[in-house]
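The block underneath contains the structure these notes are about, expressed in structure tokens.
Each value in this text was obtained by applying a stated rule to the coordinates, not by laboratory testing. As the structure is a prediction and not an experimental result, all values here were calculated from the model. Cβ placement follows ideal geometry from the backbone for every residue including glycine, while neighbour counts extend to all protein chains displayed.
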Amino acid sequence: ATPAATMVGTTIGAQHGVLFKGGDVLERAKDVDTVVFDKTGTLTAGEMELTDAVALGDQRVPDGGAVAEGEDAPVTGDDAATDARADEDEVLRLAASAERGSEHPLARAIVDGAEARGLALGDPEDFENVPGHGVKATVEGSRILVGNRKLLRDNGIDPSTAAETMERLESEGKTAMLVARVPAGADEGELLGVVADADTVKPSATDAVSQLRDRAIDVMMITGDNERTARAVAEEVGIDPENVRAGVLPEDKSDAVEAIQSDGRRAMMVGDGVNDAPALAVAYVGTAIGSGTDVAIEAADVTLMRDDPLDVVKAIRVSDATLRKIK
Ligand code: ADP
Ligand code: MG
């Protein structure tokens, strides 16, 4: 493109909230044949809300009084429903206390949800973030773990008694997280329950996917979230199940994009998180959501100033229109 055409395209893009980092990016965008969306914060609003807290029944003793050994939460009331609610609240209270150490949207939703229920949270000590898996922290003397199946298995705790609960919540498109405790001095942990957060799909995500497909662009999704939740969200926005890459660890996202590009595809990766930065860098075109993290914006070639997935289509259209005109 001539410098003048590049300037016009860059200006038109900027007027629409699409910032191209340079003329070469503006030229490349029209050749994109695959768009890979990150799920959380990109296709979805990233505004998680706590939806469920479930106590696993096997923590209960027959008299319906105190729960597991070492449990000091008072159980109020004497009917089963009240006890169940008290158990749920205790699972949520412990999970939220541990998550106070995390900035992750999943964590913030758990803490906000617990506070909305009026639960008094403890202070987490020796907080440990396990990227892509969850968190660990000491709460009131016990080690509390909140995260996915892998986090628990890696810590010697069998997540299988929660399998049914996890599957039910995940097939509803929710992110379900296991809550476990290793009491002080114990070398074995116990599964306490499950908490779940849900996110809402951005209103224009479905339109963006269908407009990209109308342009013969393949649409894919990549996420650290599990397969079942990922597929429920993909279905909602119109992405084919075989185009979903789920359970991808933060450090593996760029490899996943490279694998997609290995047969000569030219992929635009669209993401918002610190996790997405390496993938944005290796993609043919890296596109960051403007409300995302600075690290993602720095790694990207294009920044979308609004949070609107339709601006992905706009970026490609501006590139296409600018370069076609000058030929
Ligand atoms: P995404 O790619 O969707 O933004 P992440 O890579 O950050 O997701 O996390 C992947 C998975 O790890 C989450 O779906 C969740 O199961 C678990 N996880 C990550 N951070 C936390 C946390 N702070 N608390 C509980 N679970 C977490
Ligand atoms: Mg994200």
- Working only within region 257-312, note down all residues that are away from ligand 1 (no atom under 14 Å from the Cβ) and of a type in the set (D, E, K, R). Glu258, Asp263, Arg265, Arg266, Asp294, Glu298, Asp301, Arg306, Asp307, Asp308, Asp311
- Can you name the strands (runs of 3 or more DSSP E) wholly within region 116-193 that have at least 1 residues being buried (at least 19 other Cβ atoms within 10 Å of the Cβ)? 134-139, 142-147, 175-182
- How many of the residues in region 218-256 are on the phi > 0 side of the Ramachandran plot and more than 13 Å from ligand 1 (Cβ to nearest atom)? 1
- Message: Return the residues of region 176-185 that are more than 16 Å from ligand 1 (Cβ to nearest atom) and in contact (Cβ under 8 Å) with a residue 12 or more places away in the chain; say none if nothing qualifies.
- Response: Val182, Pro183, Ala184
- Task: With respect to Gly9, determine if the residue is under 24 Å from Asp276 (Cβ atoms) and of a type in the set (Gly, Ala, Ser).
- Result: no
- Task: For region 214-269, enumerate the residues that are under 11 Å from Thr34 (Cα atoms) and of a type in the set (D, E, K, R).
- Result: Arg215, Asp218, Arg265, Arg266
